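Single-structure report; data block below.
The values are calculated or read from the model by the stated rules, or taken from the named source; none is laboratory data. Since the model is a prediction, treat every value here as computed from it, not as a measurement. Neighbour counts run over all protein chains shown; Cβ positions are idealised from the backbone, glycine included. Just the protein is used for accessible areas: all its heavy atoms, side chains included, with ligands, DNA and RNA removed. Shrake-Rupley method; radii C 1.70, N 1.55, O 1.52, S 1.80 Å.
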Amino acid sequence: MTDPGGTATTPRGLLAEGERVLLVDHHDRRYLIRLAKGASFQTHAGVVEHDALIGQPEGSEVSAWRRDGREGPARRFLALRPTLADVIVKMPRGAQVIYPKDLGAILFAADLFPGARVLEAGVGSGALSMTALRAGCHVTGYELREDFARRARANVAELLGPDAPFRVEERDVYEGIDETGLDRVLLDLPEPWRVVEHAERALAPGGILVAYLPSITQAAELRAQLGRASFALAETFEILRRTWHIEGRSVRPDHRMVAHTGFITAARRVVGRASESGTLDDEV
Ligand code: SAH
């Protein structure tokens, strides 16, 4: 695989040509660039030469020179390799991505593990795909839209190289799932209750279905459908993340927070049929 710098999958050592680097200014504005010899990055604050970064350790500061040629304090940028969260919020998107706070929760709700066989639908921009691939899963994605499928493939290849165990099929998951013996099914689309029967057949016993939904009425409809199928231990929750302002003696929650993103519902495929309480009925 072509991976100049050899660092797409092993982000260590000195910053190398071909790698992505996050530049952060003193206002915490962030820019994602790919290092190329002789190239320069233009911002409102001036110009950063890539050559000043290539061969430097992560965490170095680099100066931008002013385009107007005037004297003045040089703007400085901190240079670091981007985390997966940085990449996700910066990458080109076709569809809305799931944000890192929810991806972290999904990682555990779905218990994603190395080698897990995962079916994901829809794939969108590939943020959830990247999370699963990073956890070592083998991911097959179903995505309705050809342009989104292409975008997701490109985003994944940029992060993990072209050999990542990721295949996207352009198709409608409501019409069925071909795979069988799956470990996990991950759903981020408007009507996941239409996938429950397919997932029931496609998942191995003990497998986990996780769905991400913006509205609680959608979550309730999914729960009703799960209750009619062979799923147990269903739960629905949301993640509230409140950051804090900490500066000297001023220590308090930040004034603003993202109040709502989505609800996460998880359930396990079982052999019998789940009852209302989510435990198994005696008679089945
Ligand atoms: N989880 C993704 C975002 C998914 S957006 C991420 O984190 O990047 C929802 C996607 O579902 C859209 O791309 C949409 O085209 C796709 N979609 C909607 N209905 C679908 C269906 N029935 N089958 C497959 N994909 C579907």
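Compute the distance in nm between two label points, each set 7 Å from the Cα along the Cα-to-Cβ direction, one at residue 171 and one at residue 27.
Those two pseudo-labels are separated by 4.9 nm.
Each residue of the range 194-203 in order: what ³J(HN,Hα) in whole Hz does its phi give by Karplus 6.51 cos²θ - 1.76 cosθ + 1.60, θ = phi - 60°, with x for Gly and Pro?
Residue by residue, the range 194-203 yields 6, 9, 4, 4, 5, 5, 4, 6, 7, 7 Hz.
Keeping the other protein chains in place, figure out the carbon and sulfur percent of the accessible area of the chain, with a 1.4 Å probe. Don't skip to the end; give the middle numbers.
Details: 7630 of 14810 Å².
Ligands and nucleic acids excluded, carbon and sulfur reach 52 percent.
In square nanometres, what is the average projected area of the Cα convex hull of the chain?
18.5
How much of the DSSP beta bridge set in the chain is antiparallel, as a percent to the nearest 5? Intermediate results must be reported in sequence, preceding the final value.
Details: 34 of 53 bridges.
Taking every DSSP beta bridge within the chain, about 65 percent pair in antiparallel fashion.
For the chain, modelled as a GNM with alpha-carbon contacts under 10 angstrom, which of 50, 255, 26 fluctuates the most?
Answer for the Gaussian network model of the chain: 255.
Summing -39500 (n - 2.57) over the DSSP H runs of n ≥ 4 in the chain and dividing by its residue number, what mean residue ellipticity at 222 nm do you reach, to the nearest 500 deg cm²/dmol?
-6000 deg cm²/dmol
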